[in-house]
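K.L.:
Handing you this structure, nothing more for now.
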Amino acid sequence: MAEQPVPFLRAGDKVLNTDGTVQEWFRNAWNTMVERTGTETQSTILGIINGQQEIAEQQAADRAAAVARDAALATSTSGGAGSVSNGTSYSGGVTSGTTWTAISTVPVTPSGAGGDYTISVLPDEVINGHLSSEAAYAEFDGDWRVVEELTGGGTVYTLDSGTFMVIYTPEVVIGDEGRTYTIPESWAVAFTGLPSGLIAANEAAAVNIRLEVRQSTGETLEITAPGLSGAMSVTWSA
């Protein structure tokens, strides 16, 4: 009998059905490979999967530490001669259709007319969820913008804008011979075009610099609590 070919995995291949069970083609390939090489291959692959889980957990811890560090540094209002700085961490960022929703607000008071902002937005790359519908590998597409407005209200100036996405991956449980490995569900976040360089100020009085998000055109999903998290800092310099 001719040997059953084992296909290579390609980027974008889905190994799970929408109900979380393993797809037939992957199950057949896995079993064929184990029959050929014995349990050593299985143990190696499961070890890699488990190692990826540990790496993901460490990366999440590193991101949390980075957000805390950035927030601690950004809360200083000294900023050096001719400048003023402020910042904060944020969490609970959700969307409300195509209406812009503020998820972080940083108040800054320029010490004169003109000047420039330096804005740093550090969104968490993996959040605690959720999306309004979480089929396997559901994807939310959104828009973001950073705006400037006087604290008492007035003209809203868009300082920068771009897009972002949130991709949901369901929990995966895989194993054999009484051993199982669990990769927890996750919500991966990717922002594009975040602010960089100097951005000209429009006001010379106390302002709020806000990070706002919304659905992209045609998107039907929503980001729900716990929502987006991260840190944001703003420095005004003459």
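K.L.:
Could you grab me the full set of residues in the range 196-238 that are over 24 Å from ILE167 (Cα atoms) and part of a loop (DSSP other than H, G, I, E, B)?
P.N.:
Those that are over 24 Å from ILE167 (Cα atoms) and part of a loop (DSSP other than H, G, I, E, B): SER196, GLY197, ALA201, ASN202, GLU203, ALA204, ALA205, ALA206, ALA238.
K.L.:
Suppose we keep only residues that are surrounded by fewer than 20 Cβ atoms within 10 Å (Cβ to Cβ) and of a type in the set (A, V, I, L, M) within the range 81-120. Which one would you say is nearest to THR158 (Cα to Cα)?
P.N.:
Residue satisfying both the conditions and the ranking: ALA102.
K.L.:
Now a separate question. Among the residues of the range 84-143, write down those that are assigned to a loop (DSSP other than H, G, I, E, B) and either touching a Pro at 6+ places or on another chain (Cβ under 8 Å) or of a type in the set (Phe, Trp, Tyr) (or both). Working first, answer last.
P.N.:
Here is the first cut: in the range 84-143, the ones assigned to a loop (DSSP other than H, G, I, E, B) are 94-95, 97, 100, 109-115, 124-125, 128-130, 132-138.
Within the range 84-143, TRP100, ASN128, GLY129, HIS130, GLU134, ALA136, TYR137 qualify.
K.L.:
Let me ask something else. For GLY193, which of the numbered conditions (1) over 26 Å from the mean Cα position of the chain (by Cα); (2) in a loop (DSSP other than H, G, I, E, B); (3) not polar (S, T, N, Q) fails to hold?
P.N.:
(1)
K.L.:
Which pairs have Cβ atoms under 6 Å, sit 6 or more apart or on different chains, and link a residue in the range 194-215 that is within 11 Å of ASP116 (Cα to Cα) to one that is among the hydroxyl-bearing types (Ser, Thr, Tyr) and in a strand (DSSP E or B)?
P.N.:
ILE199/TYR117; ALA201/TYR117; ASN202/TYR157
K.L.:
Being at pLDDT below 95, in a strand (DSSP E or B) and surrounded by fewer than 16 Cβ atoms within 10 Å (Cβ to Cβ) narrows it down to one residue among THR163, THR182; which is it?
P.N.:
It is THR182.
K.L.:
Just checking, does the range 59-69 include any residue being at negative phi, surrounded by 15 or more Cβ atoms within 10 Å (Cβ to Cβ), modelled with pLDDT of 60 or more and part of a loop (DSSP other than H, G, I, E, B)?
P.N.:
no
K.L.:
Give the residues of the range 185-204 that are touching a Gly at 6+ places or on another chain (Cβ under 6 Å) and surrounded by fewer than 16 Cβ atoms within 10 Å (Cβ to Cβ), sorted by residue number.
P.N.:
Result: THR192, GLY193.
K.L.:
OK, next. Given (1) surrounded by 20 or more Cβ atoms within 10 Å (Cβ to Cβ); (2) aromatic (Phe, Trp, Tyr); (3) closer than 30 Å to GLU203 by Cα, where does TYR168 come up short, assuming only one miss?
P.N.:
It is condition (3) that TYR168 fails.
The values are calculated or read from the model by the stated rules, or taken from the named source; none is laboratory data. Just so it is clear, the structure is predicted and the values come from calculations on it, not from any experiment. Every residue, glycine among them, receives a Cβ derived from its backbone with ideal geometry; neighbour counts consider all protein chains shown.
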